[in-house]
1. If the requirement is being small (Gly, Ala, Ser), over 13 Å from Trp175 (Cβ atoms) and without any contact (Cβ under 8 Å) to a residue 60 or more places away in the chain, which of these qualifies: Gly94, Gly65, Gly148, Gly90?
2. Say whether the condition of being touching a helix residue (DSSP H, G or I) at 6+ places or on another chain (Cβ under 8 Å), open to solvent by less than 10 Å² (accessible area, probe 1.4 Å) and among the aliphatic types (A, V, I, L, M) is met by at least one residue in the range 93-114.
3. How many of the residues in the range 212-226 are under 30 Å from Gln54 (Cα atoms) and open to solvent by 80 Å² or more (accessible area, probe 1.4 Å)?
4. Let me spell it out: the conditions are (1) open to solvent by 60 Å² or more (accessible area, probe 1.4 Å); (2) touching a Lys or Arg at 6+ places or on another chain (Cβ under 9 Å), and Pro68 meets all of them except one. Which number is the exception?
5. List every residue pair whose Cβ atoms lie under 9 Å apart, where the two residues are 6 or more positions apart in sequence or sit on different chains, the first residue falls within the range 163-180 and is without any contact (Cβ under 8 Å) to a residue 40 or more places away in the chain and basic (Lys, Arg), and the second residue, located anywhere, is open to solvent by less than 20 Å² (accessible area, probe 1.4 Å) and assigned to a loop (DSSP other than H, G, I, E, B).
6. Condition (residue is open to solvent by 60 Å² or more (accessible area, probe 1.4 Å), within 23 Å of Glu191 (Cβ to Cβ) and among the charged types (D, E, K, R)) applied to the range 22-41: is it met by at least one residue?
7. Can you find a residue in the range 147-166 that is small (Gly, Ala, Ser), farther than 14 Å from Ala117 by Cα and out of contact with any strand residue (DSSP E or B) (no Cβ under 6 Å at 6 or more places or on another chain)?
8. Within the range 172-187, does at least one residue satisfy the condition of being aromatic (Phe, Trp, Tyr) and in contact with an Asp or Glu (Cβ under 8 Å, 6 or more places away or on another chain)?
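The values are calculated or read from the model by the stated rules, or taken from the named source; none is laboratory data. Everything numeric in this text was worked out from a predicted model, so none of it was measured. Note that each Cβ is placed from the backbone with ideal geometry, even for glycine, and that neighbours are counted across all protein chains shown. The accessibility values were calculated without ligands, DNA or RNA, using every heavy atom of the protein model including side chains. Shrake-Rupley method; radii C 1.70, N 1.55, O 1.52, S 1.80 Å.
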Amino acid sequence: MMSSIADVLTSEQLHQCRQALEQATWQDGRQTAGHIAVAAKSNQQLAQNDPLAQQLGDFILECLGQCPGFIATALPLKVLPPRFNRYAGGATYGNHIDNAIFSVPGTPHRVRADLSATLFFSEPDEYDGGELVIEDSYGSHRVKLPAGHLVLYPSGSLHRVEPVTRGARLAAFFWIQSLVREDHQRGMLLELDKSIQALTRQLPESPELVRLTGVYHNLLRHWSQT
């Protein structure tokens with residue numbers, strides 16, 4: 001299930017991030033690619049130990065914790081510190097599938113990648129190309145969202161970033177281990193949650209809301225892994 005979440009960052013927060021990233025020290029993105037992905041990857045990234053990357057990563061994690069749409073969709077158990085990339089001058093990342101397991105920098109902990117996320121910092125009209133193309137059982141999806149918006153998709157999906165032929169594409173990317181491992185189960189919980197929220201607005205006094213909310217939490221209790 002692919003989901004878009006609008007306005008993870010406010011315009012002011014976005015402006016602050018953009019200003020910082022435009023002054024950043026970028027490195028060859030192939031330094032963090034695996035032995036297979038390195039042949040497909042051609043972009044720039046901030047080093048994971050770059051103080052700016054750590055500062056912005058902590059800030060984005062704080063914003064995500066206050067974003068109901070992200071919480072409801074991802075049902076996050078663990079979120080890896082965000083990383084940052086830049087595509088310009090024909091930079092691209094060919095078809096690949098993300099790693100299943102990531103180490104948390106500076107700790108002995110590991111995170112299973114259930115969901116991949118891209119948070120856009122550049123507006124679509126600032127660059128040509130750069131679409132995130134995600135392949136799944138329903139076909140090919142081309143994603144190019146407004147700045148401040150986030151896309152979530154299963155980490156097991158084949159995906160790529162098309163060449164950027166004008167301007168620059170700035171983004172954060174990271175991975176999430178969800179409380180609910182299976183994508184179709186997360187999808188059902190999200191639809192149930194949306195229905196509960198809609199009924200709450202339309203029929204706030206309905207006793208059925210208590211029963212539906214109970215069903216949601218009992219399914220989450222049954223499917224979650226902590």
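1. That would be Gly65, the only listed residue that is small (Gly, Ala, Ser), over 13 Å from Trp175 (Cβ atoms) and without any contact (Cβ under 8 Å) to a residue 60 or more places away in the chain.
2. Within the range 93-114 (the criterion being touching a helix residue (DSSP H, G or I) at 6+ places or on another chain (Cβ under 8 Å), open to solvent by less than 10 Å² (accessible area, probe 1.4 Å) and among the aliphatic types (A, V, I, L, M)), the answer is no, since none of the residues qualifies.
3. Number of matching residues: 2.
4. In the conditions (1) open to solvent by 60 Å² or more (accessible area, probe 1.4 Å); (2) touching a Lys or Arg at 6+ places or on another chain (Cβ under 9 Å), Pro68 misses (2) alone.
5. Here the result reads Arg166/Tyr127, each pair linking the range 163-180 to a residue that is open to solvent by less than 20 Å² (accessible area, probe 1.4 Å) and assigned to a loop (DSSP other than H, G, I, E, B).
6. no
7. no
8. yes
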